[in-house]
Structure formats: C-alpha cells, structure tokens
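To start, the structure itself, in structure tokens.
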C-alpha cells in the first residue's frame, strides 16, 4: 500500500446536521468541516455511525458525500463510509465517492442477517473489486452485533487493496496481533474513551465522534504519545473522558454532541433523526452550567 502516511492521525467522524425542516444542513456541514480543519485534524470519516448514516435517505447520503468533498478535498484526507445492507448499494456509494475524489472507502461489517465468514469476506472483496480505492474495514461489534475473528481480518489484510481497520472495540489482544503481523497496514482506534489504549498498542491514529467538539485534545494526546509522554497524555484522556461521560449520560451521544456544538460552539446542528430523540432539558441545563465557555467558538477560528 503506497502513501499510507496521509491516513495516519486524527480523523473526525463527521456528524450530519439538519435544518428545522429536517433537511441536511449544507451550511452547517461546511462550518463543521472548517472548524475541525482549523484545529488541525488529519481528515474526516464521512457518513458513518456518527453521521446517522442508516437514518439517511440515499439522496441525503449523496449530498453529505458531495458537500464534504467540496469543503475538504485538498485540505485533508477523506474516507467515505459507504456501508449498506446491500452490497449493490455499497458499491454504488463507493463509485460515487471515488468520482468525488475521496482517498479511501470504508464499510461496517454486514449485519442483521447472520452472515458466514465467507459471506463477510466476499462482501469486502466485492467492494474492493468495484473501485480503485483502498478499502478500510469498520468493525464495531457493540452496534453491528458482528464480532470479526482474526482469521477474517487476516484474509482481507493480506490483500494489498485493503488499507486496514477502523477498530471500534476493546479486544486489544486482537488489535495487538494485527499490529504485529501487519506493521504496514493502518489501524485506527475507534472508542474515544480508550484512545490511549489504542495508541499504546500501536494505533496509527483514531477516528472518533467527540472529535467534532474537541479534536484538539486527541491531537495533543497523539503528539504526546509519539514523544513517549504517556503520563501527560493520560491527564488529557482524563479531561476528555469527563466530558465523554457527560455526553453519553442519556445514551444518545450524537444528540449530545449536536447540542454542545449548537449551544456552546455556535454551529447550528439541529437535532437527530428519529427514532433518536432530543436531549432532555435538565441535561441541557446541567451541561451548560458545567461547560459554558470551555469550548472554542466557531467564529474565533475562521
């Protein structure tokens, strides 16, 4: 795999903002992209879990891919999550993102039906056959219900067309085994609250949802880890995890992030797509009291 350096670093798993009418908010996407680029992120992971991808209509997914490409292409690395319940649809999105100039495509493991290992492998191989872009596996067993074994990782990562894995789990034993066998592949840590765990096991970087709000903390932690200053990095992880604990208090971290970005940063993100619900008023009041003035305003960085 050539030119892997551009895939290393901190990647924001981009939220999808909505207008009051429930449409994808193009202006807010542009502002959120700019806000994160100004902070120094390495790139974006577009259309993933954080982006409420499976609650979007096909035409809305295309809008998100297109707007992000226009706003960020040439400024940072772009990875498009193109996963779908249908291989055909996943390939359709992959081809679109290839045309839009994305640097790689990614897909969550096929879920809902109890697929065999052969079917999982074939799904990814079909995507790799369809586009001339590196493919990143996305494994998140807690949401997909699919725990990928080392043998499946092994079969795919041995193929030069596969960039690596977005590893959103806590099986750092498997993570370490993959790192040792595939030193040239890209391994991303997925759980923000376990960022340092992934870095200690040799992650090349991370893809996370809370980076929308506080990317600077993870950029700083990665730099400290590269300098071997893990004790100092751990202090920042403590700070980040205090915020994360409050964001996940009601279960809907996307909704909490959207509220924080709207109310405390100044980017109007709207609310989540149903059946996700808005944050309760008592949570909003508590979050405002605790974090007012703690996050950089959008207009201060443009």
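What ranking do 173-183, 119-129 get when scored by the average of other Cβ atoms within 10 Å per residue, highest first? Present the calculation step by step, with values, prior to reporting the outcome.
Details: 173-183: 15.2, 119-129: 17.0.
Most protected by this proxy first, the peptides run 119-129, 173-183.
Does the range 4-227 come out rounded, prolate or oblate, given a ≥ b ≥ c as the square roots of the eigenvalues of its C-alpha gyration tensor, rounded meaning a/c under 1.5 and, failing that, prolate meaning a/b above b/c?
Working: a/c = 1.60, a/b = 1.10, b/c = 1.45.
In terms of gyration-tensor shape, oblate.
Our note on the geometry: Cα centres of the range 131-181 and the range 234-302, 30 Å apart.
Among 138-148, 229-239, 81-91, how do they line up by average Cβ neighbours within 10 Å per residue, starting with the highest? Numbers along the way, then the final one.
Working: 138-148: 16.5, 229-239: 14.9, 81-91: 18.9.
Top to bottom by mean Cβ count within 10 Å: 81-91, 138-148, 229-239.
For the range 73-191, what does the alpha-carbon gyration tensor say about shape, rounded, prolate or oblate, given a ≥ b ≥ c as the root eigenvalues, a/c under 1.5 as rounded, and a/b over b/c as prolate? Walk me through the numbers on the way to the answer.
On the way: a/c = 1.60, a/b = 1.21, b/c = 1.32.
Oblate, because a/c is 1.5 or more while a/b does not exceed b/c.
In this label model, residue 115 and residue 235 are separated by 4.5 nm, measuring between points 7 Å along each Cα→Cβ vector. When restricted to Cα atoms, the range 208-302 yields an Rg and a Dmax of 14.3, 44 Å, respectively. Please work out whether the range 48-103 counts as rounded, prolate or oblate from its C-alpha gyration tensor, where a ≥ b ≥ c are the square roots of the eigenvalues and a/c under 1.5 means rounded, while otherwise a/b larger than b/c means prolate and anything else oblate? Because a/c hits 1.5 or more and a/b exceeds b/c, the range 48-103 counts as prolate. Note on the chain: antiparallel DSSP beta bridges, both residues inside, total approximately 5 percent of the bridges counted.
Using the rule -39500 (n - 2.57) for each DSSP H run of four or more residues, divided by the residues of the chain, the 222 nm mean residue ellipticity is -14000 deg cm²/dmol.
Only the coordinates and a few stated rules stand behind these numbers; no lab work does. Note that this is a predicted model, so its numbers are computed, not measured. Here the Cβ is made from the backbone with ideal geometry for all residues, glycine too, and neighbour counts use every protein chain on show.
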